[in-house]
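The structure appears below as structure tokens.
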Amino acid sequence: MPLSSILNAQTKGVPKEKLKVVCVGGHPDDPESGCGGTLAKFVNMGHTVTIIYLTTGEAGIPGKTHDEAAAIRKQEAINGSKVLGAKSVFAGQIDGDTVMDNKWLSTLQQLIAAENPDIVFTHWPLDSHKDHQIASLLTIQTWIRAQQKFILYFFEVCTGEQTQIFHPTDYVDISGTQEQKRQSVYCHVSQDPPGIYSCGHASMEDFRGRELGVKAGEGFVRMSGKMQGGLSIV
């Protein structure tokens, strides 16, 4: 079932089936800018959303120590998540020094399993930023190893500069949640929110909307493979 069909099958505020949604992002502001409109749409329809931040953005504020930047960006992430109506969780890796190993795979497996999600979103693995790649690879391995399969979708960030050769299989109309998404991105004051949008996110929302035939959209690539229970992706 396409992502748009899953959303369209629900009744606003009273979902036919209450879903648990998780989004795994490399840094604070990645989930918000990549798929904030879709996450807000799930919340507004009565589903639960948890955002797992792989790092706390320690290296993301010039002139600040890692501890100082982490404190600032963690609060910005909490604020941004609240705007979307999502819960925020921090995995504990370090910005710019992320690791793909069995220890961290086990950590992410536990964090995701604790949410028992039906749907998970994460970065597209072909990305110029190593932290985005690590977040994606850890999530892919979690999906592969999960006893109870969830549907996995990849989102895009700064397409062309960061996300590479991304061709959506699914689209979501975010016309009704575009402003809510923007407000969540603007909670990340330290990251120059106008710069985030000028990086390409405004044009991405417009272009994906044009592809879908609506005012604003977000595009996703659906992971394919054998499902073991959960929602059907056929």
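The values are calculated or read from the model by the stated rules, or taken from the named source; none is laboratory data. What you see is a predicted model, and the numbers here were worked out from it, not measured in a lab. Every residue, glycine as well, gets a Cβ built from its backbone with ideal geometry; the counts of neighbours run over all protein chains shown. Protein only, heavy atoms only, side chains kept; ligands, DNA and RNA dropped before computing areas. Shrake-Rupley method; radii C 1.70, N 1.55, O 1.52, S 1.80 Å.
Rolling a 1.4 Å probe over the protein heavy atoms of region 69-185, with every protein chain left in place, gives an accessible area that is 52 percent carbon and sulfur.
Under a model in which nothing but the beta-carbon of Lys, Arg (+1) and Asp, Glu (-1) is charged, the chain shows a dipole of about 880 debye around its Cα centre. Computed about the Cα centre, the dipole magnitude for region 1-100 is approximately 680 debye when only Lys and Arg (+1) and Asp and Glu (-1) carry charge, each at its Cβ.
Here the 3J(HN,Hα) profile of region 35-40, calculated from phi with Karplus coefficients 6.51, -1.76 and 1.60 at θ = phi - 60°, is 8, x, x, 6, 4, 4 Hz, Gly and Pro shown as x. How far is the Cα center of region 144-218 from the Cα center of region 47-94, in Å? That distance is 18 Å.
Candidates Thr55, Gly26, Ile78 compared by Cα position along the dipole of region 1-125: farthest toward the positive end lies Ile78, with charges placed on Cβ. Backbone amide hydrogens, once placed in the peptide plane, bring Phe121 within less than 5 Å of Val22, Cys23, Val24, Tyr153, excluding anything fewer than 5 places away on its chain. Amide H contacts under 5 Å for Thr169: Phe220, Val221, Arg222, restricted to partners 5 or more places along the chain or on a different chain, H placed in the peptide plane at 1.01 Å from N. Scalar couplings 3J(HN,Hα) for region 160-175, obtained by applying the Karplus form with A = 6.51, B = -1.76, C = 1.60 to θ = phi - 60°, are x, 8, 10, 5, 10, 6, 9, 10, x, 9, 9, 9, 10, 6, 10, 3 Hz; x denotes Gly and Pro. Under 5 Å from the amide H of Ser88 lie the amide H atoms of Ile51, each residue being 5 or more positions distant or on a separate chain, with H modelled from the backbone and absent for Pro and chain starts.
Calculate, in whole percent, how much of the Cα-Cα pair population of the chain lies beyond 21 Å. Could you put the intermediate results ahead of the total?
Numbers: 14036 of 27261 pairs.
Percent of Cα pairs beyond 21 Å in the chain: 51.
Computed about its Cα centre, the charge dipole of region 100-210 is approximately 260 debye, with only Lys, Arg, Asp and Glu carrying charge at their Cβ. Its DSSP H runs of at least 4 residues, each contributing -39,500 (n - 2.57), put the calculated 222 nm mean residue ellipticity of the chain at -12000 deg cm²/dmol, to the nearest 500. Ala91 sits among other residues whose Cβ lies under 15 Å from its own Cβ, and their net charge, with Lys and Arg +1 and Asp and Glu -1, is -3.
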